[in-house]
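Only the coordinates and a few stated rules stand behind these numbers; no lab work does. Being a predicted model, the structure only gives us computed values, none of them experimental. Please note: Cβ atoms are built from the backbone with ideal geometry, for glycine as well, and neighbour counts cover all protein chains shown.
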Protein chains: 2
Amino acid sequence: MSPRVSKEHLKQRRADIMKAARNVFIEHGYEHTTMKHVMEAAGVSRGGLYQYFSNKEDLFEALLEEGLTDEAGATEDSLGKVESYWALLMQLLFGEDGSPDTEMDPLAPSKLEFFITGRNDERRRAYGEKRYEMGLRMYEELIKAGQRSGEFSDRYESNLIARSIITFVDGLALDHAMLPEEKVKLKEQSAMFVEYLKMALDVSSSR
Amino acid sequence: MSPRVSKEHLKQRRADIMKAARNVFIEHGYEHTTMKHVMEAAGVSRGGLYQYFSNKEDLFEALLEEGLTDEAGATEDSLGKVESYWALLMQLLFGEDGSPDTEMDPLAPSKLEFFITGRNDERRRAYGEKRYEMGLRMYEELIKAGQRSGEFSDRYESNLIARSIITFVDGLALDHAMLPEEKVKLKEQSAMFVEYLKMALDVSSSR
DNA sequence: TTGCAAAACGACACCAGTGTCGATATAATG
DNA sequence: CATTATATCGACACTGGTGTCGTTTTGCAA
């Protein structure tokens, strides 16, 4: 119900499709979802869907970008109301409450798929690298700042610590994509990794 | 050129196909290789190929099993000629020479694909869990033994350490699947992880 | 109301990949 | 050498997914 409609309505429709698509990707994974799945979930026709997204890749990338801006916003928010670099780091790792829990981005498995299966496609690869660099820089800057302030020890290179954080997070995401949470022991592993970070950064208390 | 042949020849043919398939999977990844690719690489017809493997999944699983038995054999070999649990652990992690290097199983990215994209298939999932458990048990037993012998501290639970090893290895494999080696800094990260293990197990020297 | 631009529709042509099956070729056996 | 079991072949039918495009519908403006 809406030909030649306001830009508002177009935005809304697009958002609706993306929301439905998100659920589909979560359910079926990237490779196994089809445009037909999305059509049905979003209650839109084939032609209608292609009006907004020219193919599955395009659609998924829209979701990726959306997630990115959301995240950036959340980080922005945290920046003010945090009392230490350590607290900020914990918040970056585990979200709002800043303590290890069992929640993970439900879209994460599909994201892994997207980048792994696309590793031979130049475009996709470049995009993946860009995202890796972004994450890396984020953690690295944070650690550097903490080191400069004296809160963190500079025994280890900030770059390397940042890298190991990403490796760990990716590893957890990967294992969690394939195994039930109880088997991965997400919470315990996260807690242990935090111990490791405390050691590497020479932070005593967790507050 | 070989109908009604010796069992030897059949084994050989099968092995040849698997070898060719391995290369194809390495080049294209699991999802993007087709039976046609394998046919061409192995120099065998469609019908011929299907005589040995009933589909792509079957073929890939044969490669997985092969890798598993190879690995078990290599581990077996090490067991005798190793002077400490620590050395054994390093050998398990980094292969023969037991020191961090930049080599990784070239089939690893395809393996990740196989299990991630198949995470909703019951059969595949169960298989993945089985493999995880196997790897977990292997590391756990080793660490337990080291702890019993007094070589390792039992400050941390062997199970948890084993898990974090797998998480780390998986994380590295994942990042390496998408990023060039220089970007992941495989070697440096491995070295740092070893430092961490030394800390967790309270091992002083690396020999 | 009426006209229209364009949003939404869904049938269609197309393609790539799969697994099968009858035909063919040939290594072993007597 | 003739026979035969069967390994190998490749054409084929089928399937599922894709992106397009002419048609229909509908919200808005005149």
Relative to the compact globular guide of 2.2 N^0.38 Å, what is the alpha carbon radius of gyration of segment A:101-207, as a ratio? 1.20
Using θ = phi - 60° and the Karplus relation 6.51 cos²θ - 1.76 cosθ + 1.60, list the HN-Hα couplings for segment A:103-118 in order, rounded to whole Hz, with x at every Gly or Pro. 7, 9, 4, x, 8, 3, x, 5, 4, 4, 3, 3, 7, 5, 5, x
Taking segment A:1-98 and dividing mean pair separation by its residue count, relative contact order in percent (alpha carbons under 8 Å, at least six apart): 18
log₁₀ I(q)/I(0) of chain A at q = 0.11, 0.15, 0.16 Å⁻¹, via Debye over equal Cα point scatterers, no solvent, to two decimals? -0.63, -1.03, -1.12
Cα gyration tensor of segment A:1-79, axes a ≥ b ≥ c as square roots of the eigenvalues: rounded (a/c below 1.5), prolate (a/b > b/c) or oblate? oblate
Taking 8 Å as the Cα distance limit and 6 or more residues as the minimum spacing, I'd like the relative contact order of chain A as a percentage. 20
What is the angle, in °, between the Cα long axis of helix A:7-28 and the longest principal axis of the Cα atoms in chain A? Nearest 10 is fine, range 0 to 90. 70
Students often forget the sequence filter, so: which aspartates and glutamates lie under 17 Å Cα-Cα from B:Lys36 once same-chain residues fewer than 8 apart are removed? B:Asp16, B:Glu27, B:Glu57, B:Asp58
Using alpha carbon centroids, what distance separates segment B:1-47 and segment A:81-146, in Å? 40
With the label 7 angstrom out along Cα to Cβ, how close does B:Asn120 come to the same site in each of the other copies, in nm, nearest first? 2.4
Considering only C-alpha atoms, what is the centroid distance from segment B:178-207 to segment A:153-181, in Å? 12
Over the protein assembly as shown, equivalent-ellipsoid semi-axes from the Cα gyration tensor in Å: 36, 36, 17
What range in chain B is the longest one free of GluC sites (Glu not before Pro) that are in a loop by DSSP and have at most 13 other Cβ atoms within 10 angstrom? B:104-207
